[in-house]
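A.B. asks: Sending over a structure as structure tokens; questions will come in a sec.
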Amino acid sequence: MLKKQIQDALNDQINAELYSGYLYQAMGAYFENKGLDGFAQWMKAQAKEEQFHAEKFYDYVNERGGRVFFTAIDAPPSDWDSTLKVFEDTLSHEEAVTERINNLVSLALEHKDQATYNMLQWFVEEQVEEEDNVNHVIDQLNLIGDEQKGGTGLLILDRELGQRVFTPPATIGE
Ligand code: FEO
């Protein structure tokens, strides 16, 4: 059985993951509006990944005999100054999520909840990948330079990012 403090923290994380998905959908909508369909596709795949993260926490809380409670999800922003700014905000957001996961790990250790600690290790690794993926796009955007001048490079990157699809890992439901 989950301790209440752990259950509350995991429910809070479910809300945070759903907000992440909402944020990336908003970024996707921004790109759709700019005609950057590949960037929009990348954000859609990212949003699906966040939904998967929320479901992973949801399944775990239920598996441990806890209860899932949903709360209101904040509205995300809808406009950014540039493509680069979208990805800089994405990186800041993912760094904040990493901090949240690290705090959950500390809480699990504090309560000697080894099962929660073990479950969280998947997210610790996932955050390394999440930050790396975003950093890769930022590096590419910086190579292209200002998007007003680097139109062709931006379109090539748009085509590349449009290849991204989200495939749930085989561990789903474990
Ligand atoms: Fe669920 Fe992007 O971290």
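Nothing in this text is a laboratory measurement; each read-out follows from the coordinates by a stated rule. Predicted model, so just to flag it, every value in this text is computed and none were measured. Here Cβ is always computed from backbone atoms with ideal geometry, including for glycine, and neighbour counts include all displayed protein chains.
A.B. asks: Excluding same-chain residues fewer than 8 positions from K44, which lysines have a Cα within less than 19 Å of its Cα?
C.D. replies: Partners found: K34, K56, K85.
A.B. asks: Got the relative contact order for the chain handy, in percent, Cα pairs under 8 Å and 6 or more residues apart?
C.D. replies: This gives 32 percent for the chain.
A.B. asks: To continue, here is another question. Report the local net charge at Y58: Lys and Arg +1, Asp and Glu -1, summed over other residues whose C-beta lies under 12 Å from its C-beta. Present the calculation step by step, with values, prior to reporting the outcome.
C.D. replies: Values: positive: K56, R64, R67; negative: E17, E55, D59, E63.
Surrounding charge for Y58 is -1.
A.B. asks: Can you list which of the trypsin sites (Lys or Arg not before Pro) found in the range 21-102 are DSSP loop residues with at most 11 other C-beta atoms within 10 Å?
C.D. replies: Details: sites: K34, K44, K48, K56, R64, R67, K85, R100; in loops: R64, R67.
Taking the range 21-102 and a limit of 11 other Cβ atoms within 10 Å, the loop trypsin sites (Lys or Arg not before Pro) found are R67.
A.B. asks: Helix-only mean residue ellipticity at 222 nm, the chain, DSSP H runs n ≥ 4 weighted -39,500 (n - 2.57), per residue, nearest 500. What is it?
C.D. replies: Details: 5 runs with 128 residues, N = 174.
Mean residue ellipticity at 222 nm (helix-derived): -26000 deg cm²/dmol.
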